[in-house]
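First the structure, in the form of structure tokens, and then the observations on it.
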Amino acid sequence: MSPEDFDRLQSLMASRAGFRLTRDRIKLAEHRLGPVARREGFDTVDAMLASLWAKPVATLGWAIIEALLNPETWFRRDRPTFDTLGDELLPALSRARSGQPVRVWSAGCSTGQEALSIAMTALDAGAAVEIVGTDLSQRALEKARTGAYTGFEIQRGLKAETMLRWFDQTDEAWIAKPQLRAAVHFARANLLDGPTDDHRFDVIFCRNVLDDVDPARRSQVLDNLERRLVDDGVLFLGPDERIDGDSIAFRAVSGRRGLFVKAPSALRRAA
């Protein structure tokens, strides 16, 4: 892949998806685009990119973008987050909602492990929830909808007792039980797109996503998240993610890494 092609890929990722593609990932990009090129009928990655630049095709462009997204995820990643959700937030929000389901959004859910972890936490807590998991990658969402995971994937983050409680083992995979799969609705969404309706969430998970967002687009993503969050809701970012200078809409909760609520300025704006 030429430096010029990589520069154009960087622009494509930033403008369409809001994600940055740093120079140190050029070899990784070539590796991930190889299967896409073969699937799309091209002999090489260079030939595929040349075709895209000569005659942009939306489906090919998105296939390339999806292949370059960071798919890293696992069950109950950063376990204290789920302890806070199950032990404190869900009981408090359930009481505040007077029996209405607590609405949770897993933004950038990849292959579904985070959304299913939220569902396990809610079901264990006896909380009524509506969970939506969204991602840009159609291929990731297809896997998430199957609820099927390899032995390596299922053991990454789950204890044996939890695996047996919430998944059925087959010869080839571990399949999420119907009750667990029914708790989550998966859909495609772009975090650059603003809300098109008035549906809002009580809890938003957007963890380990912002670090890959192009710096020029972070405020836009955070603004869209703020518009989707109810005024007394909470936002979970990754435990090491910060939004200093990127948004005045949120403030960190003292002593809770990765937990944010709406800032007074955002509440005044909503009023």
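The values are calculated or read from the model by the stated rules, or taken from the named source; none is laboratory data. Quick caveat: nothing in here was measured; it's all calculated off a predicted structure. Note that each Cβ is placed from the backbone with ideal geometry, even for glycine, and that neighbours are counted across all protein chains shown.
Give me a count of the residues in the stretch 50-109 that are more than 22 Å from Met120 (Cβ to Cβ) and either of a type in the set (Val, Ile, Thr) or assigned to a loop (DSSP other than H, G, I, E, B) (or both).
Initially, the stretch 50-109 is screened for residues more than 22 Å from Met120 (Cβ to Cβ), giving 50-70, 96, 98.
With the extra rule that they be either of a type in the set (Val, Ile, Thr) or assigned to a loop (DSSP other than H, G, I, E, B) (or both), the set shrinks to 55-57, 59, 64-65, 69-70, 98.
Matching residues across the stretch 50-109 total 9.
Rundown of residues vs (1) at pLDDT 95 or above; (2) touching a Lys or Arg at 6+ places or on another chain (Cβ under 9 Å); (3) charged (D, E, K, R), yes/no style:
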| site | (1), (2), (3) |
| --- | --- |
| Ala54 | no, no, no |
| Thr59 | no, no, no |
| Trp62 | no, yes, no |
| Ser106 | yes, yes, no |
| Ser117 | yes, yes, no |
| Gly133 | yes, no, no |
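Taking the condition closer than 19 Å to Lys143 by Cβ and either in the same structural domain as Gln138 (by TED's automatic domain parsing) or not polar (S, T, N, Q) (or both), does Pro91 pass?
In short, no.
Quick grid of which residues meet (1) out of contact with any helix residue (DSSP H, G or I) (no Cβ under 7 Å at 6 or more places or on another chain); (2) surrounded by fewer than 16 Cβ atoms within 10 Å (Cβ to Cβ); (3) not in a helix (DSSP H, G or I):
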| site | (1), (2), (3) |
| --- | --- |
| Val234 | no, no, yes |
| Pro239 | yes, yes, yes |
| Asp244 | yes, yes, yes |
| Ser247 | no, no, yes |
| Ser265 | yes, yes, no |
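Report yes if Arg32 is modelled with pLDDT under 95, within 30 Å of Val230 (Cβ to Cβ) and in a helix (DSSP H, G or I), otherwise no.
Answer is no for this residue.
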